[in-house]
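The values are calculated or read from the model by the stated rules, or taken from the named source; none is laboratory data. Here the structure is a predicted model, which means the values were calculated and not measured. Using ideal geometry, Cβ is built from the backbone for each residue, glycine included, and neighbour counts are taken over all protein chains shown. The accessibility values were calculated without ligands, DNA or RNA, using every heavy atom of the protein model including side chains. Shrake-Rupley method; radii C 1.70, N 1.55, O 1.52, S 1.80 Å.
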Amino acid sequence: MNRKQILSLAGMPAQAPSYPKGPYRFVNREYFIITYKSDADAIRAAVPEPLTPAPGGLIAYEYIKMPDSSGFGDYQESGVVIPCTFKGKPVNFTCMMFLDDEPPLTGGREIWGFPKKYGNPELKVVRDTLTGVLKYDDELVSMGTMQYKPENLLGSNPAHEEMRDVNAIKQKLGKTQVNLKLIPGVDGKPSIAQLVSYNMTDIKVKGAWAGHARLHLVPHVNAPVADFPVHQIVGGSHFIADLTLPYGRVIHDYLK
């Protein structure tokens, strides 16, 4: 291979890269998000400067099912997202994620700096209950539940009026997301230390529901989602949408 051929590769190994070049389209991507109040000190300790935790001590715990993902396949994911601000603007900081598929794990870490580890998440409907479960090394780490589609956000019920507008739901799904990207060099010293942001695009909302939810977190040293204890559940939301994950942008470089 010559230099031009090498630089045109999507990734490694050269003969069969783990993932193709983007952007990446997700069809029927399904979200179950439980928003809750947690420990403010734990949140502050986890959020990298210059991000600032949003008021209220909130955590968004996510279970996501991705049955049709270009280049990545069929997989599921679960983890912790912290609402923050960056230069006064609202963003979501992805604190930790666990998933069951190598291409998006490798690609997510190498391209956008997603804090992804291998785990066993599952989002499913058990009779009348939307149920999210995360296991790590066969041990239960989290379980979230919500009534199945109790309140249609695209209907005419006056509750949650702020989310009745499809464009408002698109805004929620397209909110700026931020990752802390850390990649060492061959000498063991930091080669990349950045805050990377991105926004989902080409969003088509297919369904949106809200309801009461519960979340159970189990302490685990290698999947420490329980480091953000549940103090009060704010509510649950359930979305199905098609959307595109584009490449991101560097918003802060710790090495400069």
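So if I check each of S38, S70, which one is buried (at least 16 other Cβ atoms within 10 Å of the Cβ) and in contact (Cβ under 8 Å) with a residue 40 or more places away in the chain?
S38
Do you know which residues across segment 164-202 are farther than 17 Å from P23 by Cα and of a type in the set (V, I, T)?
V166, I169, V178, I183, V186, I192
Would you check if G185 is open to solvent by less than 40 Å² (accessible area, probe 1.4 Å), over 17 Å from the mean Cα position of the chain (by Cα) and modelled with pLDDT of 95 or more?
yes
Is it the case that some residue within segment 85-94 is of a type in the set (K, R) and farther than 20 Å from G248 by Cα?
Start the filter on segment 85-94 by keeping residues that are of a type in the set (K, R), which leaves 87, 89.
Subset that is farther than 20 Å from G248 by Cα: none.
No, the conditions are met nowhere in segment 85-94.
Restricting to segment 221-256, name every residue that is hydroxyl-bearing (S, T, Y) and assigned to a loop (DSSP other than H, G, I, E, B).
Start the filter on segment 221-256 by keeping residues that are hydroxyl-bearing (S, T, Y), which leaves 237, 244, 247, 254.
Residues satisfying the conditions are Y247, Y254.
So the check is Cβ under 7 Å with 6+ separation or different chains; which pairs have a first residue in segment 205-224 that's among the aromatic types (F, W, Y) and a second one that's part of a loop (DSSP other than H, G, I, E, B)?
Between residues of segment 205-224 that are among the aromatic types (F, W, Y) and residues that are part of a loop (DSSP other than H, G, I, E, B), the close pairs are W209/K149; W209/P150; W209/L153.
Between L180, L140, which is open to solvent by 30 Å² or more (accessible area, probe 1.4 Å), in a strand (DSSP E or B), modelled with pLDDT of 95 or more and within 17 Å of M97 (Cβ to Cβ)? Step through it out loud before you land on a result.
Details: L140 fails: within 17 Å of M97 (Cβ to Cβ).
Among L180, L140, only L180 is open to solvent by 30 Å² or more (accessible area, probe 1.4 Å), in a strand (DSSP E or B), modelled with pLDDT of 95 or more and within 17 Å of M97 (Cβ to Cβ).
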